[in-house]
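Asks: My questions will all concern the structure given below.
The values are calculated or read from the model by the stated rules, or taken from the named source; none is laboratory data. Since the structure is predicted, the reported quantities are computational estimates derived from the model, not experimental observations. All Cβ positions, glycine included, derive from the backbone under ideal geometry; neighbour counts span all protein chains shown. When the accessible area is computed, the model is the full protein with side chains, heavy atoms only, and any ligands, DNA or RNA have been set aside. Shrake-Rupley method; radii C 1.70, N 1.55, O 1.52, S 1.80 Å.
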Amino acid sequence: MHRAMIFHSPWGWMGIAESSKGIQAIVLPKRSKRAVESDLRAQSDGPLQQAKSVGLEAARRQLLDYFSGKRNTFDVPLDLSQGTSFQRQVWRTLQRVPYGKLRSYQWIAARVGGPQYARAVGNAVGANPLPIVIPCHRIVAHDASLGGFSGGLSMKRKLLSLEDTLRCLKAGH
């Protein structure tokens, strides 16, 4: 049984799920609680129980502090066990991209095996279960265009704007 929490952020409803090892899933802001609950269930490998815990509360507080500009790093325990070995390697590399900086898919690929892994890196970045905490939004295309984002490009623009890096991208992207 995994514990989950749904809460309201300044950007909409969000969800967090945890296992006994740490935070396992984050659902980016959505308009309705029901949409968040649906996404949490889809990401879970077992039943979810709405609950409060020290870990969920710490993650909620850190996310709210991030949205209000008071926090730019996260220190909650993470459970990445649902990812493959390669995905976990990519996600750990993503965690090294600091707040206020952008990196390309090629930058990640160079650190996990070489440029021939750029497409696989893109897939692993897209499968990131912990957006914001593992900052996949800071990864952009090599030509300084926005690239993709599992949470949608408008959410990526919003996150990059919060971190004051949107201006570093090519105009019109």
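Asks: If you find the alpha carbon centre of the range 79-114 and of the range 1-58, how far apart are they in angstrom?
Replies: 23 Å
Asks: About the Cα centre of the chain, what is the dipole size in debye to 20, counting +1 per Lys and Arg Cβ and -1 per Asp and Glu Cβ, all else neutral?
Replies: Rounded to the nearest 20 debye, it is 280 debye.
Asks: A further question follows. What trypsin sites (Lys or Arg not before Pro) does the range 86-173 have in DSSP loop regions with at most 13 other beta carbons within 10 Å?
Replies: Counting only loop positions with at most 13 other Cβ atoms within 10 Å, the trypsin sites (Lys or Arg not before Pro) in the range 86-173 are Arg96, Lys101, Lys170.
Asks: For the range 1-110, just say rounded, prolate or oblate: build the C-alpha gyration tensor, square-root its eigenvalues into a ≥ b ≥ c, call rounded for a/c under 1.5, and beyond that prolate if a/b exceeds b/c, oblate if not.
Replies: oblate
Asks: Let me ask something else about it. Roughly speaking, to the nearest percent, how much of the range 57-112's 1.4 Å accessible area is carbon and sulfur? Write out the running numbers ahead of the final one.
Replies: Numbers: 1260 of 2850 Å².
Carbon and sulfur together cover 44 percent of it.
Asks: Go ahead and estimate [θ] at 222 nm for the chain from helices alone: -39,500 (n - 2.57) per DSSP H run with n ≥ 4, summed, over the residue count, rounded to 500.
Replies: The helix-only estimate for the chain comes to -10500 deg cm²/dmol at 222 nm.
Asks: I'd like to compare 145-155, 120-130: which one has the highest average count of other Cβ atoms within 10 Å, and what's the full order after that?
Replies: 120-130, 145-155
Asks: Could you provide, to the nearest whole Å², the per residue accessible area of the range 88-173 with probe 1.4 Å? It would help to have the intermediate numbers written out before the result.
Replies: On the way: 4000 Å² over 86 residues.
Each residue of the range 88-173 exposes 46 Å² on average to a 1.4 Å probe.
Asks: List the aspartates and glutamates whose Cα lies under 14 Å from the Cα of Lys33, skipping any in the same chain that are fewer than 8 positions away.
Replies: By straight Cα distance, Lys33 reaches no aspartates and glutamates at all.
Asks: Here is a further query. Between their Cα atoms, which of Lys30/Lys156; Lys101/Lys170; Lys30/Lys70; Lys21/Lys158; Lys30/Lys158; Lys52/Lys158 are more than 20 Å away from each other?
Replies: Beyond 20 Å: Lys30/Lys70; Lys21/Lys158; Lys52/Lys158.
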